[in-house]
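Input: a single structure, listed below in structure tokens.
The values are calculated or read from the model by the stated rules, or taken from the named source; none is laboratory data. All of these numbers come straight from a predicted model, not from anything done at the bench. Cβ placement follows ideal geometry from the backbone for every residue including glycine, while neighbour counts extend to all protein chains displayed.
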Amino acid sequence: MQAGFLKTAVEFLRLSGSSSLFDRGYTLQFELDGLRRPTPITSTGLLIRKDICYHPKAGMDRSLQSLDIYAPELASPNILYPVVLFMHGGGWRASDKNDPLGVHANVCKALAARGLVAVNVNYRLAPRIKHPEPARDVAYAIRWITKNISDYRGDPERVFLSGHSAGGHLAALIALDANYLSDVGLPVAAIKGVIGICGVYNLAHFAGRNWMAEHLMTSAAFGNDHRLRAQASPVCHVRADAPPFLLLNAQEDEKLEEEADELSSLLRSKGASAETSIISGTNHFTILSLVGNGDDRLIDRMVEFVK
């Protein structure tokens, strides 16, 4: 009986996308740490297009290979704006571009209100999908952007990658490991910069922090082969010709700032441009959820970097 109960408990805890216990807990963490639900940023003055499928051979659940576009609505048709592709976090296995609290949409609305074109992207999730498939999804999204974003006043020659937590990992990995862009016919120069927000850049360091990081996230998304984990770590792909990096962390960020320091030091040692910064008075969740609640520091840094 005890063995049966244990098996049932394990199955209950297994993640299966947005319906999982982990995903609900991840969403709740945003709300609890943010003290209240984020105030939705107005859509007035913005051009918004949602659920555009970016993959030429999308899976059955097309929403996991789709993107939303947020652009200045009243812009001159002759002006093209820099593009920021934003990837949500969630331990590679949870959350969504349209999370229930509207955190990721708020970030994109705030960027668009400052004169950028923000692209909010979904990618397939672990444990059903393992590395490198989520990164390949994002590479297809980048290819879609280079071909189509000018229709939404975005400049395909000025594409920046950004992401929170696991999304920060994907942004850095795709920008540094040339194979992902090469596989979809794009040069590494297609990416003009990277803004990592509380990102994961060294999987050995990340997984070694605690049981949850190892078993619920890293193992689920990357398996247990440590050679593969190294190959999937941005710190193992540092290049002299890497695009500029801005690595932002929360004041309370569960030691992820150590990975940002490591990656930035490696980049600078190769002659690439890299900057780190701590957003004071925030943690891993409030650094995003405070956007729209009167705290513009994150958006200020992102816009300053891009422009």
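Please indicate, with yes or no, whether at least one residue in segment 237-250 is at pLDDT 95 or above, of a type in the set (Gly, Ala, Ser), more than 20 Å from Leu85 (Cβ to Cβ) and touching a helix residue (DSSP H, G or I) at 6+ places or on another chain (Cβ under 8 Å). Yes, segment 237-250 contains at least one residue that is at pLDDT 95 or above, of a type in the set (Gly, Ala, Ser), more than 20 Å from Leu85 (Cβ to Cβ) and touching a helix residue (DSSP H, G or I) at 6+ places or on another chain (Cβ under 8 Å).
Within segment 285-302, the set of residues being touching a helix residue (DSSP H, G or I) at 6+ places or on another chain (Cβ under 7 Å) and not small (Gly, Ala, Ser) comprises Phe285, Thr286, Ile287, Leu288, Val291, Leu298, Ile299, Met302. Could you tell me whether Ile79 is closer than 24 Å to Lys147 by Cβ, surrounded by fewer than 18 Cβ atoms within 10 Å (Cβ to Cβ) and not acidic (Asp, Glu)? Judged against the criteria, Ile79 is a match. Quick one: Ala190 ticks every box in (1) within 19 Å of Glu262 (Cα to Cα); (2) in contact with a strand residue (DSSP E or B) (Cβ under 7 Å, 6 or more places away or on another chain); (3) of a type outside the set (D, E, K, R) except a single one, so which number is it? Every listed condition holds for Ala190 apart from (1). For Met217, the criteria (1) farther than 13 Å from Leu170 by Cα; (2) without any contact (Cβ under 8 Å) to a residue 60 or more places away in the chain; (3) buried (at least 21 other Cβ atoms within 10 Å of the Cβ) hold in every case but one, which is (2).
Listed here are the residues, each with its yes/no results for (1) under 27 Å from His284 (Cα atoms); (2) at pLDDT below 95; (3) touching a helix residue (DSSP H, G or I) at 6+ places or on another chain (Cβ under 6 Å).
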{"position": "Asp33", "(1), (2), (3)": "yes, yes, yes"}
{"position": "Thr39", "(1), (2), (3)": "yes, yes, no"}
{"position": "Gly45", "(1), (2), (3)": "no, yes, no"}
{"position": "Ile52", "(1), (2), (3)": "no, no, no"}
{"position": "Gly59", "(1), (2), (3)": "no, yes, no"}
{"position": "Leu67", "(1), (2), (3)": "yes, no, yes"}
{"position": "Asn78", "(1), (2), (3)": "no, yes, no"}
{"position": "Met87", "(1), (2), (3)": "yes, no, yes"}
{"position": "Asp96", "(1), (2), (3)": "yes, yes, no"}
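Given the criteria among the small types (Gly, Ala, Ser), over 22 Å from Ala175 (Cβ atoms) and surrounded by fewer than 15 Cβ atoms within 10 Å (Cβ to Cβ), does Gly294 qualify? Judged against the criteria, Gly294 is a match. For the criterion of being surrounded by 12 or more Cβ atoms within 10 Å (Cβ to Cβ), at pLDDT 70 or above and at positive phi, Gly91 passes. Scoring Ala113 on the criteria (1) modelled with pLDDT of 95 or more; (2) within 19 Å of the chain's Cα centre (by Cα); (3) not β-branched (Val, Ile, Thr) leaves a single failure, condition (2).
Mind listing whichever residues of segment 60-96 are of a type in the set (A, V, I, L, M), out of contact with any strand residue (DSSP E or B) (no Cβ under 6 Å at 6 or more places or on another chain) and under 23 Å from Ser43 (Cβ atoms)? Once the filter is applied, which keeps residues that are of a type in the set (A, V, I, L, M), out of contact with any strand residue (DSSP E or B) (no Cβ under 6 Å at 6 or more places or on another chain) and under 23 Å from Ser43 (Cβ atoms), segment 60-96 yields Leu74, Ala75, Ile79. Restricting the search to strands (runs of 3 or more DSSP E) fully inside segment 99-204 and requiring at least 2 residues that are among the β-branched types (Val, Ile, Thr) gives 117-121, 191-197. If you go through segment 245-279 and keep only what is under 19 Å from the mean Cα position of the chain (by Cα), assigned to a loop (DSSP other than H, G, I, E, B) and crowded, with 16+ Cβ neighbours inside 10 Å, you end up with Asp253, Glu254. Checking Asp96, Asp137 one by one, the residue that is under 14 Å from the mean Cα position of the chain (by Cα) and crowded, with 21+ Cβ neighbours inside 10 Å is Asp137 and no other.
Residues in segment 59-107 that are farther than 22 Å from Asp155 by Cβ, hydroxyl-bearing (Ser, Thr, Tyr) and touching a residue at least 60 places away in the same chain (Cβ under 8 Å): Ser95 only.
If I ask for residues that are surrounded by fewer than 19 Cβ atoms within 10 Å (Cβ to Cβ) and either at pLDDT below 95 or more than 20 Å from the chain's Cα centre (by Cα) (or both), which ones from segment 189-213 would you list? The answer is Gly208, Arg209, Asn210, Trp211, Met212.
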